[in-house]
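Colleague: First, the structure itself, so that you have it in front of you.
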Amino acid sequence: MNGRGGEADVSKRVAIIGGGFSGSMLAARLAEVGIASTLIDRTGAFGLGVAYSTPFDGHLLNVRSNRMSAIDGRSDDFVDWLTANHPDRADPESFAPRQWYGRYVQDRLAGVEAVHPGRINRLTGVAVAVEGATVRLADGRVVGADAVVLATGNPAPRTAEPRLRGPDSTTDRVIGDPWASGALDRIGAADDVVIVGTGLTMVDMVLWLQAKGWRGRAVALSRRGLMPRSHLAHHDTPTVPTDELLRGPASRRLAAARRLGEAASWRGVMEGLRPITAELWAAADTATRARFVRHLRPWWDVHRHRIADSISSAIEALEAEGRLAIVAGRVRRIDQTADGVVLDWRPRRGPEQPVLTGRWLLDCTGPGHDPASDPLTGPLIASGRARLDPLRLGLDLDAQGRVLGADGTPDPRLFVLGPPARAAFWETIAVPDIRRRNEEVVEALL
Ligand SMILES: Cc1cc2nc3c(=O)[nH]c(=O)nc-3n(C[C@H](O)[C@H](O)[C@H](O)COP(=O)(O)OP(=O)(O)OC[C@H]3O[C@@H](n4cnc5c(N)ncnc54)[C@H](O)[C@@H]3O)c2cc1C
C-alpha cells in the first residue's frame with residue numbers, strides 16, 4: 001500500500017501532515033471519535049516532534065506536570081502516567097524531563113491504535129504538496145483524504161541562513177539549526193561559542209553543552225538581552241483579570257497589568273490571562289496586534305514562557321562563573337575566519353563594544369516562520385487557496401482553524417493546528433493550548 005515511488009493511494013478520511021505532539025494527538029482523538037487518518041511525518045518518530053525528541057534528560061518541560069495532560073478534560077492523565085512509569089518523579093507540581101513526555105505521547109498514540117486498530121495509518125515521508133484534499137510526498141506517494149491538517153510545527157531558525165555560510169561544510173562554523181540531529185557534536189570541550197538569541201533555545205543549548213562536558217565560554221546576544229523568567233517552586237495562583245485589563249486601549253491595559261502585577265504577582269497576572277489569550281487576540285484589531293508584536297512581544301514571551309526554577313539556577317551559576325554572558329544589541333555583521341566567527345554588533349545602550357568572537361556561532365533565534373517561502377504552503381498562497389494574515393505571522397485562519405483563501409473564504413478541507421496557527425490564536429504553542437485547539441479541530445471535522 002505504501003510502496004515507494006509509485007502512485008499508491010492510501011485513502012483515509014483525514015491526512016495530517018506532521019506527527020509531533022499536535023498531529024499525533026489529533027490522530028488519536030479522531031480515532032476515538034471514529035474518524036480514520038493518515039499521519040505523515042518526515043522523521044518517523046511519531047509523537048515526539050522537536051520538543052520531545054531530545055536525548056538529554058536535563059531538558060525539562062517548562063510547564064508543570066499537572067498541566068501537561070495530552071487530553072482535554074482529563075487533567076491527571078500525564079501525572080497518572082508518571083505515577084505508573086516514574087513514581088519517584090510524579091510530583092504534579094514538578095517539571096518532568098521532556099524525553100519522558102515524548103514517551104507518554106507515544107504511549108497514548110499506541111494505546112489508541114490498540115483500541116481502534118486500522119484507524120491511524122502512520123506514514124514516514126516528507127509531504128511536499130497539498131492538492132485539493134490530497135497530499136503528495138517527496139517520493140511520489142499520494143495520500144487521498146477528505147480533509148488535510150497542517151500540523152508541521154515550528155520551522156528552523158532563519159537568521160543565520162546561507163549568506164553566513166562558510167565556503168564548504170567542513171569549514172562552516174555557523175550552526176544554523178541547533179535542533180538538527182548531532183548539531184552540537186562539532187563543538188569541542190574548550191571551544192568558545194557566540195550565540196544569537198537569549199530565549200528558551202539558548203537556555204536548552206547551553207545546558208546541553210554543559211552536560212556533554214563542554215567547559216568553554218559563551219556570550220549570547222539579543223536585541224534586548226531578555227532571558228526567560230523562572231517559575232516559582234510552587235504553582236502560581238491565577239489573578240482574575242480585571243475589566244481594566246480586558247478592555248480599552250492597549251496602553252491602559254498594559255498599565256493595569258503592571259499595577260495588578262505589583263499588587264499581587266506578575267506570574268499570577270500571566271496565569272490569569274492564559275486561558276483567555278486566544279480570545280483577547282481574536283478580539284484585537286490589526287493595529288493593536290501590530291503594536292503588541294512590535295513593542296510588547298519580547299516581554300510577553302519571557303514572562304509567559306517561563307523555565308523551571310532548577311534550570312534558571314543552573315543558568316545563573318554559569319553566569320556567576322563567568323562562562324555565560326548575556327548582552328543586548330543588534331548584529332551588524334558576522335564573518336567566518338579560519339579560527340571561527342567574528343560578530344560585530346551595536347550595543348543597545350552605551351558605547352561601542354569589541355566584536356564577539358568564538359569558535360562557533362549558534363543560531364538560537366527561534367522559529368523562522370515564513371509560510372510564503374515554505375515549499376508546502378508557498379504554492380497554496382501563490383494559487384490563492386491560502387493567504388497570509390495582515391501581519392505576516394502565518395496563514396490566515398478562521399476561528400475553527402480553517403485556512404482562508406485570498407478572498408477570505410474558509411476552506412472546509414484545509415486546517416492548521418499547533419504553532420503555525422499563531423496568526424489566528426497567538427498562543428498555540430504549548431500543550432495546554434494545543435490540546436484545546438485539537439478538540440476544536442475534531443469538532444469542525446466531525
Ligand atoms: C525545544 C522545545 C521545548 C518545548 N517545551 C515545551 C514544554 O515544556 N511544554 C509545552 O507545553 N510546550 C513545549 N514546547 C512547545 C511545543 O511546540 C509543543 O509542546 C508541541 O510539541 C508542538 O508540537 P507540534 O506537533 O505542533 O510541532 P513539532 O513538535 O515541531 O512537530 C511537527 C512535526 O512535523 C514534521 N513535519 C514538518 N513538516 C513536514 C512535512 N512537510 N512532511 C512531513 N513531516 C513534516 C516535523 O518533522 C515534526 O516531527 C516546546 C517546544 C520546543 C521547540
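Colleague: Report Rg/Rh for the chain, rounded to two decimals, where Rg is the Cα radius of gyration and Rh the Kirkwood radius. Don't jump to the answer; show the numbers that get you there.
Modeller: Numbers: Rg = 22.3 Å, Rh = 23.2 Å.
Computed over Cα atoms, the ratio is 0.96.
Colleague: Moving to a separate point now. Can you check what the net charge comes to around Pro97, using other residues whose Cβ is under 10 Å from the Cβ of Pro97 (Lys, Arg +1; Asp, Glu -1)? Intermediate values should be presented prior to the final figure.
Modeller: Working: positive: Arg89, Arg98, Arg103; negative: Asp57.
Neighbour charge sum, excluding Pro97 itself: +2.
Colleague: Distance between Cα centroids, segment 58-124 to segment 322-358: provide it in whole Å.
Modeller: If you average the Cα positions of each part, the centres end up 41 Å apart.
Colleague: Which value, in debye to the nearest 20, describes the size of the charge dipole of segment 243-304 about its Cα centre when Lys and Arg Cβ atoms bear +1, Asp and Glu Cβ atoms bear -1, and nothing else is charged?
Modeller: Numbers: 12 positive and 7 negative charges, 43 e Å.
I would put it at about 200 debye.
Colleague: Output the antiparallel fraction of DSSP beta bridges having both residues in the chain, as a percent to the nearest 5. Intermediate results must be reported in sequence, preceding the final value.
Modeller: Working: 22 of 55 bridges.
For the chain, the DSSP antiparallel bridge percentage is about 40.
Colleague: Additional query: Assign unit charges at the C-beta atoms only (+1 for Lys and Arg, -1 for Asp and Glu), then state the dipole size of the chain relative to its Cα centre in Debye, rounded to the nearest 20.
Modeller: On the way: 57 positive and 54 negative charges, 215 e Å.
Magnitude of the dipole: close to 1040 debye.
Colleague: Could you give the length gained on full extension between Ile276 and Glu352, defined as 0.36 nm per residue of separation minus the Cα-Cα distance, in nm? Intermediate values should be presented prior to the final figure.
Modeller: Values: separation 76, 0.36 × 76 = 27.36 nm, distance 4.30 nm.
Length gained, Ile276 through Glu352: 23.1 nm.
Colleague: Could I ask something else about it? Return the FRET efficiency for the residue pair Asp407, Glu443: r is the Cβ-Cβ distance, R0 is 22 Å, and the value is rounded to the nearest 0.05. Walk me through the numbers on the way to the answer.
Modeller: On the way: r = 25 Å, r/R0 = 1.14.
With a Förster radius of 22 Å, E is 0.30.
Colleague: While we're here: For the chain, modelled as a Gaussian network with Cα springs under 10 Å, which listed residue fluctuates most, Asn85, Asn66, Asn154?
Modeller: In this elastic network of the chain, the residue with the biggest mean-square fluctuation among Asn85, Asn66, Asn154 is Asn85.
Colleague: Using 0.36 nm per residue of separation minus the Cα-Cα distance, give me the extension gain between His234 and Asp146 in nm, one decimal. Intermediate results must be reported in sequence, preceding the final value.
Modeller: Details: separation 88, 0.36 × 88 = 31.68 nm, distance 4.56 nm.
Net length gain for the segment: 27.1 nm.
Colleague: Could you point to the residue in Ala220, Trp426, Pro412 farthest towards the positive end of the chain's charge dipole, with +1 and -1 charges on the Cβ of Lys/Arg and Asp/Glu respectively?
Modeller: Ala220
Colleague: Report the one residue of Val355, Val126, Ser37 whose Cα lies farthest in the direction of the positive end of the charge dipole of the chain (charges on C-beta: Lys and Arg +1, Asp and Glu -1; origin at the Cα centre).
Modeller: Positive-most Cα among the choices belongs to Val355.
Colleague: Can you tell me the FRET efficiency between Ala211 and Glu131 if r is taken as the Cβ-Cβ distance and R0 is 51 Å, rounded to the nearest 0.05? Write out the running numbers ahead of the final one.
Modeller: Working: r = 45 Å, r/R0 = 0.88.
Computed FRET efficiency for Ala211 and Glu131 comes out at 0.70.
Colleague: Now a separate question. Please give the peptides 243-250, 42-49 ranked by average Cβ packing (other Cβ atoms within 10 Å per residue), highest first, as a rough proxy for protection. All intermediate terms of the calculation are to be shown ahead of the outcome.
Modeller: Working: 243-250: 13.1, 42-49: 19.2.
The peptides rank, most packed first, as 42-49, 243-250.
Colleague: In debye to the nearest 20, how big a dipole does segment 155-290 give about its Cα centre with +1 on each Lys and Arg Cβ and -1 on each Asp and Glu Cβ?
Modeller: On the way: 19 positive and 15 negative charges, 74 e Å.
Computed about the Cα centre, the dipole is about 360 debye.
Colleague: Please give the residues of segment 349-372, grouped as numeric ranges, whose backbone N is less than 12 Å from a label point set 7 Å along the Cα-to-Cβ vector of Thr337.
Modeller: 355-359
Colleague: Given the Cα-Cα distance of Ser313 and Arg294 and 0.36 nm per residue of separation, how much length would full extension add, in nm? Mind dumping the intermediate values first?
Modeller: Values: separation 19, 0.36 × 19 = 6.84 nm, distance 3.00 nm.
Separation in residues times 0.36 nm, less the Cα-Cα distance, equals 3.8 nm.
Colleague: Would you compute, from DSSP H runs of 4+ residues alone, the mean residue ellipticity of the chain at 222 nm, taking -39500 (n - 2.57) per run and dividing by the full residue count, rounded to the nearest 500?
Modeller: Numbers: 14 runs with 134 residues, N = 446.
Value at 222 nm, helices only: -8500 deg cm²/dmol.
Colleague: For segment 23-67, list residues with backbone N below 14 Å from a point placed 7 Å from the Cα of Ser265 toward its Cβ?
Modeller: 64
Colleague: Below 8 Å, C-alpha to C-alpha, sequence gap of six or more: please give me the relative contact order for the chain in percent.
Modeller: Values: 889 pairs, mean separation 83.7, N = 446.
Relative contact order here is 19 percent.
Colleague: Near Gln353, within a Cβ-to-Cβ distance under 13 Å, what is the net charge of the other residues, with Lys and Arg +1 and Asp and Glu -1?
Modeller: Working: positive: Arg330, Arg332, Arg346, Arg348, Arg349; negative: Asp344, Glu352.
Here the count lands on +3.
Colleague: For a quick protection proxy, order the peptides 287-293, 401-407, 423-429 by their average other-Cβ count within 10 Å, most packed first. List each step's numbers first, then the result.
Modeller: On the way: 287-293: 14.9, 401-407: 18.7, 423-429: 22.7.
Ranking, from highest mean packing down: 423-429, 401-407, 287-293.
Colleague: Let me make sure I get this right: for segment 26-113, a, b and c are the square roots of the gyration tensor eigenvalues over alpha carbons, sorted descending. Under 1.5 in a/c it's rounded, otherwise prolate if a/b > b/c, else oblate. Which is it? Walk me through the numbers on the way to the answer.
Modeller: Details: a/c = 2.31, a/b = 1.38, b/c = 1.68.
It is oblate, given that a/c is not under 1.5 and a/b is not larger than b/c.
Readers should treat all values here as calculations from the given coordinates under stated rules, not as data from a laboratory. None of these values were measured; they are calculated from a predicted model. In this analysis, Cβ positions are derived from the backbone assuming ideal geometry, glycine residues included, and neighbour counts consider all displayed protein chains.
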